[in-house]
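Below is one structure, written out as structure tokens; the observations come after it.
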Amino acid sequence: MDESEIPPPAKRVFPPLYVSTGDPSIDRLAFFHLLERLKTQKRTGWVDNKIPNAESISDHMYRMAVLAMCTSDSALDVSKCVMMAVVHDLAEAQVGDITPREGISKQEKQRLEAEAMHNFVHDMLHGSPAALRIEALWNEYEEGETDEAKFVKDLDRLEMALQAREYEMAHALDLQPFFDSSLPHLRHAEIKRWGESLAQTRTRSR
């Protein structure tokens, strides 16, 4: 579908941030339930393109985590990459999957997501060691400076391209913009090879 054919998205409404009860057990359980939003919220780009049964945010993160386990790069801390993949979109449980088409600036998106993470870590999980580990992984991904963060960012791009290819085959679509915004930007040598293999499957089918 041509992007010009996609109507502007409705203005996003954010749910209120969680207010701590002061009881760690109750607040922790509230966080566990909040994670369900990641299972039910659809990825915005696919919804905008009217993809039937579009993947959820957690669908996306799960495959990224398994992809991380498939690397042969012994220089990476693979366990950290897997955990980072699982938490990199965690803030979307509160703010949803915000896309550039919604008119929310990059700075505002970052502010909203940082606010959500602070709410999770300190108001719901009371700054526990586990919460601080989640926060550190999320921050590392956002900063994008370490080898692991760069690798997981490439997995984010590749996973989107994989999903786009699957939707193309399932629904007889041409989703070229999703490939243009992902595969040319891969930097990790192994993931670039995976992306090249994916691109070849599209070439052979045409």
Some residue of the stretch 56-67 being within 17 Å of Glu135 (Cα to Cα), open to solvent by 20 Å² or more (accessible area, probe 1.4 Å) and small (Gly, Ala, Ser): no
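Yes/no matrix, rows are residues, columns are (1) assigned to a helix (DSSP H, G or I); (2) charged (D, E, K, R); (3) in contact with a Cys (Cβ under 7 Å, 6 or more places away or on another chain):
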| site | (1), (2), (3) |
| --- | --- |
| Ile26 | yes, no, no |
| Phe31 | yes, no, no |
| Leu38 | yes, no, no |
| Ala54 | no, no, no |
| Arg63 | yes, yes, no |
| Asp73 | no, yes, no |
| Lys80 | yes, yes, no |
| Asp89 | no, yes, no |
| Ala93 | yes, no, no |
Every pair of residues 6+ apart whose Cβ atoms lie under 6 Å, when the first sits in the stretch 102-116 and is closer than 12 Å to Leu17 by Cα while the second is open to solvent by less than 80 Å² (accessible area, probe 1.4 Å) and part of a loop (DSSP other than H, G, I, E, B): Glu113/Ala91; Ala116/Ala91
Which numbered condition Asp97 misses (of (1) touching a strand residue (DSSP E or B) at 6+ places or on another chain (Cβ under 9 Å); (2) closer than 23 Å to Ala189 by Cα; (3) not aliphatic (A, V, I, L, M)): (2)
Every residue from the stretch 52-74 that is farther than 16 Å from Leu155 by Cα, of a type outside the set (S, T, N, Q) and out of contact with any strand residue (DSSP E or B) (no Cβ under 8 Å at 6 or more places or on another chain): Pro52
Residue match in the stretch 170-177 (condition: surrounded by fewer than 17 Cβ atoms within 10 Å (Cβ to Cβ), closer than 23 Å to Asp73 by Cα, without any contact (Cβ under 8 Å) to a residue 24 or more places away in the chain and not acidic (Asp, Glu)): no
Filter result (over 20 Å from Leu34 (Cα atoms), of a type in the set (Ser, Thr, Tyr) and either open to solvent by 30 Å² or more (accessible area, probe 1.4 Å) or not in a helix (DSSP H, G or I) (or both)) within the stretch 95-147: Thr99, Ser105, Thr146
Residue under evaluation Tyr18, criteria (1) at pLDDT 95 or above; (2) open to solvent by less than 70 Å² (accessible area, probe 1.4 Å); (3) more than 23 Å from Asp123 (Cα to Cα); (4) outside any helix (DSSP H, G or I), criterion not met: (3)
Failed item in (1) open to solvent by 30 Å² or more (accessible area, probe 1.4 Å); (2) under 18 Å from Val152 (Cβ atoms); (3) without any contact (Cβ under 8 Å) to a residue 40 or more places away in the chain, with Asp77 passing the rest: (3)
Among the candidates Arg204, Arg193, Arg187, residue that is open to solvent by 70 Å² or more (accessible area, probe 1.4 Å) and in contact (Cβ under 8 Å) with a residue 24 or more places away in the chain: Arg187
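The values are calculated or read from the model by the stated rules, or taken from the named source; none is laboratory data. Since we're looking at a predicted model, the values are computed, not measured. Counting neighbours? That spans all protein chains shown, and the Cβs are built from the backbone with ideal geometry, glycine included. Ligands, DNA and RNA are stripped out before the accessible areas are found, and what is left, the full protein with its side chains, is counted by its heavy atoms. Shrake-Rupley method; radii C 1.70, N 1.55, O 1.52, S 1.80 Å.
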